Amino acid sequence: MPYCEVDRYQNGDEWDGVRLFYRRFGRGATKVLLVIGLAGTHDSWGPQIKGLTGSLEPAADDEESGDAAAAEGDDGDGIEVCCFDNRGVGRSSVLPHKSYYSTVIMARDALALMDHLGWKKAHVFGHSMGAMISCKLAAVAPHRICSLALLNVTGGGFQCFPKLDGQMLSLAFRFLRARTPEERALVDLETHYTKEYLDEKVGSCTRRTILYQEYVKGISSTGMQSNCGFEGQVNACWTHNMTTKELDTIRYSWEVSGDLRKAHIPSPQFASTLSDIIAQLCHARRLAERLIPVARMVELHGAHLVSHERPEEVNNALMELIKATKSMMKPEEWSSQPENSSETGALISARPVSVTIRTDDGGNAAIAVYNLLAKLQLSFLYVIGVILMGFEHMRNIVKVMKPKQNSCKLLSEPSRRPGIFMSPQYCGDDGFRIASPKTS
């Protein structure tokens, strides 16, 4: 199996290696690194791998050492894609403490993988937490990035909190109470897809029915991400923050045109969805605004798993970015392109982000009030989440402290506790398969 040792960590008195599991698809001089999100594994990129390379068959020489294998694939006009399991999930190493997880650390993992493959530069596409990692990678090693695409991205921290409304509170409550694959599947479907997509007819039934059966089957037959891995990746999202200096580094790398190594690199591309209740569209817009004038925003109709819900539109946007790089398009030309139709006829909203700043007292007051309300909303959501988790914790304590006469009955029943159940292709925060053993 293709593994890459990217780091080492101290485990008691011993030092263990951090190994990433990866797969390569296609062959060609154009290199694309796909970075997955929270709880996701490499195979979640299936629709994009198929769209970029035309095949879902892994490269036959995956087990060869990086430099030699990469050198053989440098000829031709094809695209070579590499996707991998982040630390803490799938077949990659699961580190025991959340301090071993951050978007900076995982960006260095991705950079070490590129070194292992012998890739000097690559197009980097990330989704959700993977987009946060990609941002850090672009700031740490801008000279290794051909282009950058960020799907369903936020700025981390409080921005990781989902949209606060009745639907979200209901989902959070049902998520904590879910004890069976059927209950969890219903929550996942509503989180990952839009209602319109789920209600579409596919033959004699709806897509919701088909996906529900797939979810239940996957949750019943596959394992879940370990607690250490999940908590570590959540910590990475929570502690993620792009500083002004890091954003200036990315912006400068795209603005420079005198250096031949960086000349005419297309702008960072942001793709977000109107109905995403996990990574809200406003946060992607805000991040794009901070990268003006080199950022380009693409808004798609869909939910958090837009890469599965609208694969053709996502793939067309990614191919457009790759083609712009090859044609040496200037950043200002790329970021100011008008709305255009994709090759398959699907309309992609690709327009520059505009910011209106008012300097009068009324405008400043309105902005201050808006920011205060946003913070209060996030704080209220946090409090609600703490209350729900506390309620669940108290229920578990009460169960443990029940009278002894009920102990035989309790021990005769299967032990159950909350878990992050996964389905084969649509699971977790980003709807990806987890191959680790299931715990009770």
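The values are calculated or read from the model by the stated rules, or taken from the named source; none is laboratory data. This one's a predicted model, so the numbers in the text were calculated from it and none came from an experiment. We place every Cβ from the backbone using ideal geometry, glycine too, and count neighbours over all the protein chains shown. Surface accessibility is based on the protein's heavy atoms, side chains included, excluding ligands, DNA and RNA. Shrake-Rupley method; radii C 1.70, N 1.55, O 1.52, S 1.80 Å.
A few comments on the model shown:
- Annotation note: trypsin sites (Lys or Arg not before Pro) in the range 161-202 located in DSSP loop regions with a Cβ neighbour count of at most 14 within 10 Å are Arg179.
- Accessible area (Å², 1.4 Å probe, nearest 10) - Tyr9: 20
- In Å², nearest 10: area of Glu183 left accessible to a 1.4 Å probe: 80
- The mean accessible area for residues of the range 75-200, using a 1.4 Å probe and ignoring ligands and nucleic acids, is 33 Å² per residue.
- For the range 310-321, backbone phi angles converted through the Karplus equation (6.51, -1.76, 1.60; θ = phi - 60°) give residue-by-residue couplings of 10, x, 5, 5, 5, 5, 5, 5, 5, 5, 4, 5 Hz, Gly and Pro being listed as x.
- Taking 0.36 nm per residue of sequence separation and removing the Cα-Cα distance, the Lys245/Asp16 pair yields an extension gain of 79.1 nm.
- Extension gain, Ala112 back to His143 (0.36 nm per residue minus Cα-Cα distance, nm): 9.7 nm
- Restraint check, Lys50/Lys136; Lys217/Lys326; Lys163/Lys217, Cα-Cα greater than 32 Å: Lys217/Lys326
- Simple spin-label estimate for Lys217 and Lys201 gives 2.4 nm between the two label positions (7 Å along the Cα-to-Cβ direction from each Cα).
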